[in-house]
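Please treat every number below as a calculation from the coordinates, not as lab data. This structure is a prediction, so every number in the text was calculated from the model and none was measured. All Cβ positions, glycine included, derive from the backbone under ideal geometry; neighbour counts span all protein chains shown.
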Amino acid sequence: MAQKYFEVLVNIKTETEGFKGATKIKIVKETYLVDAMSCTEAELRVIKSFQKSGFSQDYEVIGVRGSKVVQVIEHEDPLFKKAVKTELSTEKD
């Protein structure tokens, strides 16, 4: 069976110092590419990853959708990964 990838969208709340020293809450949206069998499993993997890493900021999973990425190519450098995305189209006569 081919691998299935999901994009998990997460809102992360961060505190920044605003004008005149006031604390301002900023929401940053991040997308995580997850290899999973279902949307539920993909969401759970992101949550567990955050918990395992000791992530202390407030976050919320706001969406999960199937990805068009068909393959992730690993590289010797652990900081480098390449995702291959395929678009299918049909020609109309």
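The overall shape of the range 5-85, judged from the alpha-carbon gyration tensor, is prolate: a/c is not under 1.5, and a/b is greater than b/c. Working ranking of peptides 12-22, 63-73, 33-43 by packing, defined as the average number of other Cβ atoms within 10 Å per residue, highest first, is 33-43, 63-73, 12-22. Here the simple spin-label model places points 7 Å from the Cα toward Cβ, and for LYS68 and LYS48 these points are separated by 3.0 nm.
Our estimate of slack between LEU9 and ILE25, defined as 0.36 nm per intervening residue step minus the Cα-Cα distance, is 3.9 nm. Taking 0.36 nm per residue of sequence separation and removing the Cα-Cα distance, the PHE55/GLU76 pair yields an extension gain of 4.9 nm.
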